[in-house]
Amino acid sequence: MSDTNHNNLDYRDALKKARKKRKQNPYQQYVMIGGGVLVIILLIIAVVLAGRRSAASGDAAGESGAPAEETTLSAEEQEEKERLQAVDEVVSAYGNLGVVQVSGYLNVRETPSSDGTIIGNIMGGGGCDILDTSEDGGWYHISSGGFEGYVSSQYVLTGEDARAAAADNIKKMAVITTDSLRVRSEPVFEGSDNVVGAVARDERYEVLSEGDGWVQIEQGYISTADGNAEVRYCLNEARKLDMRTMAVNQYSNLLVSKVNNYLNVRSSPTQSEGMGNVIGKLPSRAAAEILETSEDGQWYKIKSGAITGYVSADPQYIATGQEARDLALQEASLMAVVKVDGLRVRTEPSTDSKIWTQLTMEEKYPVLNQLDGWVQIELDTGEDTDNAYISTRDNNVEVRYALPEAIKFSPLEEKANAQMSRRSQIVNYALQFVGNPYVWGGTSLTKGADCSGFTMKVLEHFGISLPHYSGSQAKMGRSVSSSEMRPGDLIFYANSSGTVNHVAMYIGNGQIVHAASRRSGIKISTWNYRQPKTIRNVID
């Protein structure tokens, strides 16, 4: 007999015994039935009460406008949820979305040609509306950042690829809605010293934090109290580059130097200390922000570049108001502003070309030409000047219209030591000619000199004879290291072949004076604005 049959017999026997037992005790049967009914009633009541509690909880969630489980999301999770919800809305706002796919930025040109005037750029990941395609398919006519232009189509994603790329690049941004908005180092209005720059209409900046009418962006803090900036999820878009007024609009109370060379910037509003309180130099046509006027009206406290100090308010030296604006519009030029240390300069616009020098952060160089991914700059008068290219990829350089600004400078003091006194005299004598013109082959400190003509004539004034050729000067005296160099020593720079082609004089404080180029004339620069070839002591 199977196990299944055995089990059935056991069940029938148990059933007979139970029936017999109920017949013997009918009262117990009724008690059991009544107890079962009671249990069922209690269960029904519990279910009804649970339902009411659930409904009440649902009502409360509905009144708050969000499901109950959302209260457990972190701030970061909630922000990401909002961003994802905004993606479809942002993408849908573009008629024909294009997303730029480059590591730096893509040039926007006035015409569909690589020779077309560059009127702006779009950072990698930025969006645009594609309005039309050129007949050969190589260019897109786009609208982005409030203006139209042309971009190379090979660097722009479209269709589903663009939508996918947009999802990764849509961020919370501050979109500027006024012509010029000040950027401050702290989220406060009190005092003008905290103004560190300005942003322009239609520009977009990623929001790092926000609250109490302020938004923090990479450059600092901007106020949103008066509706000057709109915070929303969006793609970055193009920025204009061709308007000199954008450079001038960086200043709300503009001052421009009118001197032919340099105007002293002092730490206090007085000339009684002679050169002792000079902390910087304001070059000819350089711009500054006026922070305040002295009580006697003789001095302006200014901020220019990294320098904050005082300059004379004499109108023969400086311009303000409309005169300053007119001068600034004439002076503003396209500059390449280096944003990293050790930026490589190549002889051709290619990463396969030879590296012949490196640049330092915050240096500014005139732009000779712009290519997609590269910019050609003017360094100095060497034969490689026309072959100096730096990459604009990876956001290592910013190309924009800019005005000259103050440079840090402290004159050398006369020392008791006769040797140092002589070096101080040489440097201070050389600095008298800053701002004078550069002339190829020239040897006049006033009418014009080239780099070696300048150093030759300065040192000749102190009885030191040098040949008129930088390569020959580089063999004079003795070699010293950068840690040993002293004011008055000569620093030589080489071309891509390693041949010396430029010379400057070290003036202390990490700076040089040199006849730089036809555009710049005799100027002050950072000593390692190019990698030096050799440093020579020709004085001792």
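The charge dipole of the range 101-151, taken about its Cα centre with unit charges on the Cβ atoms of Lys, Arg (+1), Asp and Glu (-1) only, comes to about 240 debye.
Ranking Asn121, Ile142, Gln85 by Cα position along the charge dipole of the range 76-162, where only Lys, Arg, Asp and Glu carry charges on their C-beta atoms, puts Asn121 farthest toward the positive end.
Positive-end ranking of Thr158, Val199, Leu181 along the dipole of the range 149-235, with charges on Cβ about the Cα centre, is headed by Thr158. Spacing of the modelled spin labels on Ser421 and Glu273, each 7 Å from Cα toward Cβ, amounts to 2.4 nm.
A simple spin-label model places pseudo-atoms 7 Å from Cα toward Cβ; at Thr178 and Lys81 they are separated by 3.5 nm. With a simple spin-label model that places each label point 7 Å from the Cα along the Cα-to-Cβ direction, the separation between Val340 and Lys354 comes to 2.4 nm.
Sequentially through the range 530-540, phi angles give Karplus couplings (6.51, -1.76, 1.60; θ = phi - 60°) of 10, 5, x, 8, 7, 10, 10, 9, 10, 8, 7 Hz, Gly and Pro residues having no value and appearing as x. Mean separation of Cα pairs under 8 Å and 6 or more residues apart, divided by the residue count, gives the range 197-282 a relative contact order of 21 percent. For Glu362 and Thr72, a Förster radius of 41 Å and the Cβ-Cβ distance give a FRET efficiency of 0.30, rounded to the nearest 0.05.
Measuring between alpha carbons in the structure, the pairs from Lys240/Lys301; Lys457/Lys533; Lys447/Lys533; Lys240/Lys281; Lys301/Lys408 lying more than 27 angstrom apart are Lys240/Lys301; Lys447/Lys533; Lys240/Lys281.
Using +1 at the C-beta of Lys and Arg and -1 at the C-beta of Asp and Glu, which of Tyr262, Ile307, Gln250 has the Cα lying farthest in the positive direction of the dipole of the range 195-316? Value: Tyr262. For Asp394 and Asp296, the FRET efficiency from 1/(1 + (r/R0)^6), where r spans their Cβ atoms and R0 equals 41 Å, is about 0.25. For the pair the range 320-382 / the range 287-302, the C-alpha centres are spaced 31 Å from each other. Enclosing the Cα atoms of the range 412-540 in their convex hull gives a volume equal to 98 cubic angstrom per residue.
Solvent-accessible area of Trp356, all protein chains in place: 30 Å² (probe radius 1.4 Å, heavy atoms, ligands and nucleic acids excluded). Summarised as an ellipsoid, the range 222-305 has semi-axes of 35, 17, 11 Å, derived from the eigenvalues of the Cα gyration tensor scaled by 5 and square-rooted, with the largest first.
Largest first, the residues Tyr94, Tyr221, Tyr493 sort by 1.4 Å accessible area into Tyr221, Tyr94, Tyr493.
Derived scalar couplings between HN and Hα for the range 106-119 equal 10, 6, 9, 10, 6, 10, x, 7, 5, 9, x, 4, 7, 10 Hz in order, rounded to whole Hz, by the Karplus curve 6.51 cos²θ - 1.76 cosθ + 1.60 (θ = phi - 60°), x for Gly and Pro.
Taken about its Cα centre, the range 183-335 carries a charge dipole of about 580 debye when Lys and Arg each add +1 at the Cβ and Asp and Glu each add -1 at the Cβ. The dipole here belongs to the range 386-532: it is taken about the Cα centre, uses +1 on the Cβ of Lys and Arg and -1 on the Cβ of Asp and Glu, and is about 140 debye.
Counted residue by residue at 0.36 nm each, then reduced by the alpha carbon distance between them, the extension gain from Arg232 to Gln432 reaches 66.7 nm.
The values are calculated or read from the model by the stated rules, or taken from the named source; none is laboratory data. Bear in mind that the values here come from a model prediction, so they are computed numbers and not experimental data. Cβ: placed from backbone, ideal geometry, glycine included. Neighbour counts: every protein chain shown. Protein only, heavy atoms only, side chains kept; ligands, DNA and RNA dropped before computing areas. Shrake-Rupley method; radii C 1.70, N 1.55, O 1.52, S 1.80 Å.
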